[in-house]
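The values are calculated or read from the model by the stated rules, or taken from the named source; none is laboratory data. These numbers were taken from a predicted model, which means no experiment stands behind them. Counting neighbours? That spans all protein chains shown, and the Cβs are built from the backbone with ideal geometry, glycine included.
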Amino acid sequence: MNLFLYLDMRNTTFKYTVTGVLFGLLFPLFAWATELILLDLPFSLETFLLIHRSNKLILIIETAPIVLGFVFYFLGKKQQQLKRFNNELNVQVADKDDIIKDNLAKIRNIKQTQSHVVRRPLSNIMGLISLLNMTQLSETQKEILEQLSESSKELDDVIRDIVQQSKEN
């Protein structure tokens, strides 16, 4: 894992923890302000201590920054784990994408090569058919030669389509 990613993840946990503590501070501040307003007391250390003695719930509320700091710390750790997992998945996807591209290139190459390997003998056959058409043949031979010519043209069309598809993909 590179150093910047490590520091970013550590920073994420730290940010979450600080956010939790700061958010947790709002609870005791709100509780103190509410008590000061309800009891119509001035703000001082003396009134602060009076509030603590008279209302034990304030002591529990004052633990909010600690509790929320821990909760947000663990949320930050989970966020950090999710980031790491996401980065690992992105690397795996990129690797698989490269493999797929390589395999696709190999398949295109095979299609092209195979089509040319088949096309050469087919061209020879089509050439021989043309030469035979220039000679004296019986009706049966002409029919056989015609069927052979049509079949070779169909096969040539199939090979041409394969070559065209390999160029398009």
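What the table shows:
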read-out	value
Number of positions in segment 15-33 that are of a type outside the set (A, V, I, L, M) and loosely packed, with under 14 Cβ neighbours inside 10 Å	2
Selection from segment 15-62 of residues that are closer than 30 Å to GLN80 by Cβ and acidic (Asp, Glu)	GLU62
Number of positions in segment 76-113 that are within 28 Å of ILE162 (Cα to Cα) and without any contact (Cβ under 8 Å) to a residue 12 or more places away in the chain	14
Which listed residue is under 30 Å from GLU154 (Cα atoms), loosely packed, with under 12 Cβ neighbours inside 10 Å and out of contact with any helix residue (DSSP H, G or I) (no Cβ under 7 Å at 6 or more places or on another chain), from ASN86, ASN103, ASN90	ASN103
Matching residues, segment 44-73, being surrounded by 14 or more Cβ atoms within 10 Å (Cβ to Cβ), over 15 Å from PHE30 (Cα atoms) and modelled with pLDDT of 90 or more	VAL67, LEU68, GLY69, PHE70, VAL71, PHE72, TYR73
Residues satisfying the stated conditions in segment 65-95, i.e. within 13 Å of PHE14 (Cβ to Cβ) and of a type in the set (Lys, Arg)	LYS77
Hits in segment 133-169 (condition: β-branched (Val, Ile, Thr) and either in a helix (DSSP H, G or I) or touching a Gly at 6+ places or on another chain (Cβ under 8 Å) (or both))	THR140, ILE144, VAL158, ILE159, ILE162, VAL163
Segment 106-150 - residue that is surrounded by 12 or more Cβ atoms within 10 Å (Cβ to Cβ) and among the hydroxyl-bearing types (Ser, Thr, Tyr) and, of those, farthest from GLU168 (Cα to Cα)	SER149
